[in-house]
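Worksheet: one structure, shown below.
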Amino acid sequence: MSSTTTFADLGLAQPLLRAIADSGYTQPTPIQAQAIPQVIRGGDVLAAAQTGTGKTAGFTLPILHRLLNMPATARKPGCPRVLVLTPTRELAAQVEESVRTYGQYTDVRSMVMFGGVNINPQITALRKPLDILVATPGRLLDHAGQKTVDLSGVEVLVLDEADRMLDMGFIRDIRKVLALLPKSRQNLLFSATFSDEIRGLATGLLRDPVEISVARRNTASELVDQGVVLTEQSHKRDLVSHIIRGRGWHQVLVFTRTKHGANRLAEKLVKDGLTAAAIHGNKSQSARTRALAGFKDGKIAVLVATDIAARGLDIDQLPQVVNFELPNVPEDYVHRIGRTGRAGSPGSALSLVDHSEIKLLTAIEKVIKRPIDRIQIPDWDPATMLRPATSGRGDEDRPEPSGQRRGERRDGRGGPSNAGGRDGQAGRNGRDGAKPQGGRGRSEARSATAGSSRPAAARSDTARPAHGRGDAPRTGQPRSGRAPQAALLGKPSSR
Ligand code: AMP
């Protein structure tokens, strides 16, 4: 398919082309250019594609097209013609939203169902005629058990993020669902990775599939500026707060390993004047949906998430990801940073790593086949730690901090230790507003490469010791003589 292929060239029906135009897409992405004609043709498809490649439209558009061209003789309540299975609630919601978006000029009816919410509204919704059902496996089986859904009319099955579904232990549920479907149907399997297990699933499921693959997004490591800050675990919350405020990051996804950790970090960030929310499995679905919506439309600057909660989140062109802790599984690192640098837009991923995580770091570097730059943060001073390499311009230095934008200037909060009032100095020459941190005895990182702190006369509110411990100033340690750090991660001094 040539690079000048248009959606019209792919043969999509007019109402879909109209919706696509409304979405502002001018050209199909590679996965769409390949998948759309195949799905329209009606054959099975095995597609290697990750989130961010445009895969959702790659299957929803041609499915909608097929439905338009094969009108149901009798649409039956609770009896979908298309079933899309996803690993997570969020992904299910996003896929169904895409169906609605692309199907807005059609009369195709869709519904999403997932667990963690009251089943009764879903039962009520299933009493209406239905074309496309997007579901997570567990709740779907609940409905099937209660006979509130009838899967005997499914003509097209999509397994989205199949590798994730297997990772999350859904294989038995998937097999149970498959047993409820008619034998003759079209099957589309989307997966980011192809383990033996996925291959096994595909072999049993697909008939003469067309295989489609687009550039693996494991090459995220090329799209995303990455850096590691070596620090102590107990310093991380202060440090991440300091960095986000110092940089004025307005849309950051921060990964923590635990739900509790996510809550505590979000609370700390809010206390520091940032708009932040945690999103994890213990949160109600409505709280998760609200947090995600707030994050997407800019009302929440920092979303703190666990891996599971973040899976499948579709957030356009996310500029920043922070790994508060490294994931235990190196591939999860790739997934995490894959949230940024999407659709060719630049992104950066910063990982805070303590000594106990060095092994994980090494494993990650093996997977991405390259070392990750170590970023030095002397004094945690943004003036030196995160200055872009290419410019010292104020816009890069201090974009409007989210807290300020919402009138939540920290200097107005009257916190006990915010004498620095750093944010109030936004107009000042670049980073000067960010006071050196060492004066309160803040000493970052005993890890050798984390950069030594220097005591400083001035302090900012970001310089509070994490727990009032007041680590001893590391007097006598030379300040890093290295060049100022690059854009997070632009070209920091590497190890
Ligand atoms: P997905 O891989 O399906 O999660 O899509 C990633 C993002 O790309 C979504 O936010 C889509 O809105 C966006 N997208 C999908 N198709 C296109 C396209 N043809 N041109 C530009 N953006 C697109």
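The values are calculated or read from the model by the stated rules, or taken from the named source; none is laboratory data. The model shown is predicted, which means the values in this text are computed figures rather than measured ones. Cβ coordinates were reconstructed from backbone atoms using ideal geometry, including for glycine residues, and neighbour counts include every protein chain displayed. Areas reflect the complete protein model, heavy atoms only, side chains present, ligands, DNA and RNA absent. Shrake-Rupley method; radii C 1.70, N 1.55, O 1.52, S 1.80 Å.
Quick notes on this one:
- Rolling a 1.4 Å probe over the protein chains gives H250 an accessible area of about 80 Å².
- Relative contact order [Cα under 8 Å, 6+ residues apart], region 8-213, whole percent: 29
- Unsatisfied cross-links (Cα-Cα over 30 Å) in the set K76/K176; K55/K128; K76/K259; K55/K296: K76/K259
- Heavy-atom accessible surface of region 8-213: percent carbon and sulfur, 1.4 Å: 49
- DSSP beta bridge pairing in region 8-213, given as percent antiparallel to the nearest 5: 5
- The slack in the chain from M168 to S195, taken as 0.36 nm per residue of separation less the alpha-carbon distance, amounts to 8.3 nm.
- Rolling a 1.4 Å probe over the protein chains gives T203 an accessible area of about 110 Å².
- When peptides 117-125, 292-300 are ranked by their average number of other Cβ atoms within 10 Å per residue, the highest-first order is 292-300, 117-125.
- Amide H contacts of G347: D225, G341, each under 5 Å away and 5 or more positions distant or on a separate chain (H built 1.01 Å from N in the peptide plane; Pro and chain starts excluded).
- Accessible-area ranking of I174, I358, largest first, probe 1.4 Å: I358, I174
- Sorting 6-14, 161-169 by average packing, meaning the other beta carbons within 10 Å per residue, from highest down gives 161-169, 6-14.
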